[in-house]
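Here is the structure we will look at.
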Amino acid sequence: MTLDSALPENAAALLSVVIPTLDEELRIGACLASVGTNSEVEVVVSDGGSTDATVEIVRSTRPDAVVVNGSPGRGGQLNRGAAAASAARLLFVHADCVLPAGWFDAVMDALDDERCLLATFRLRTVPGDGGVPGARRRFWLSLLDLRSRGWGLPYGDQGYALRREVLASLGGFPNIPLMEDFAFARSCRRHGRIRRLPLEVRTSARRFERNPIRSRLIVAVFPILFRLGVPPATLARWYGIVR
């Protein structure tokens with residue numbers, strides 16, 4: 001799929017929020033609610049073949065949303081969503097994430113700066129079961145959030161905001177089975193500035209709480225292995241199910 005920086009003649013939205021989905025019926029509602037109903041914001045859901053009620057929930061909750069379908073794989077889904085979007089500015093958000101209050105103004109302000117190629121939020125990881133964590137659990141969850149405080153490159157669950165021409169100039173997201181967000185952020189940093197917004201996006205700890213020690217090792221080690229040339233397919237096999 002070829003990404004184009006040109007806009008449709010009838011484009012009305014100032015920003016398109018692109019959400020990749022795959023069997024997210026339990027979380028997509030909260031994500032969509034956090035986007036809000038700003039008339040200047042378009043919602044694009046790029047589904048990777050959900051077999052649950054994800055698409056039906058999107059259509060009933062946001063009948064104005066653009067829904068595109070295709071094969072699973074986050075990089076490809078993000079690119080298909082961007083190709084279907086109509087706005088000059090894009091915000092890519094994972095389906096298990098919830099945007100903070102004031103996100104729209106913060107993103108638009110960041111993207112007004114031509115030096116900024118990519119803007120991301122800080123991260124707040126919350127329990128996958130929706131409960132209130134005790135002190136020990138809060139500590140372990142907070143370790144997952146350190147990477148969003150400026151240490152290294154941002155990950156996709158922090159939200160990626162950028163201008164359409166930036167995405168086109170970099171050739172879109174790499175169509176690889178894992179680390180597509182890391183690879184894209186690395187390209188952005190080579191060509192310009194990455195800005196971290198002072199707001200926090202909330203994300204579910206569901207993937208990490210199944211095996212917390214292994215998950216923290218993955219967060220710490222996989223970027224290093226990727227830089228050293230370990231193939232994304234190998235990393236994906238070690239990682240397990242990717243969403």
So what's the net charge close to residue 120: Lys and Arg +1, Asp and Glu -1, counting the other residues with Cβ under 9 Å from its Cβ?
-> +3
By average C-beta atoms within 10 angstrom, highest first, the peptides 219-226, 27-34 = 27-34, 219-226
Peptide ranges 192-204, 78-90 listed from the most packed, as the mean C-beta count within 10 angstrom indicates = 78-90, 192-204
Considering amide H positions built from the backbone, and no H for Pro or chain starts, which residues 5 or more places from residue 15, or on another chain, come under 5 Å of its amide H?
-> 42
How large is ³J(HN,Hα), in whole Hz, for each residue of the stretch 22-35 in order, when computed from phi with the Karplus curve 6.51 cos²θ - 1.76 cosθ + 1.60 and θ = phi - 60°, using x for Gly and Pro?
-> 7, 6, 10, 4, 7, 10, 5, x, 5, 4, 4, 4, 6, 5
For the stretch 164-180, just list the computed ³J(HN,Hα) in residue order, Karplus coefficients 6.51, -1.76 and 1.60, θ = phi - 60°, integers in Hz, with x standing in for Gly and Pro.
-> 4, 5, 5, 4, 5, 5, 8, x, x, 7, x, 8, 10, x, 7, 6, 5
Relative to the compact globular guide of 2.2 N^0.38 Å, what is the alpha carbon radius of gyration of the stretch 15-239, as a ratio?
-> 0.96
For residue 52, which sequence-distant residues (separation of 5 or more, or a different chain) have an amide H within less than 5 Å of its own amide H, given hydrogens modelled in the peptide plane?
-> 23
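Just so you know, all these numbers are worked out from the coordinates, no wet-lab data involved. This one's a predicted model, so the numbers in the text were calculated from it and none came from an experiment. Ideal geometry is used to build each Cβ from the backbone, glycine not excepted, and the neighbour counts take in all protein chains shown.
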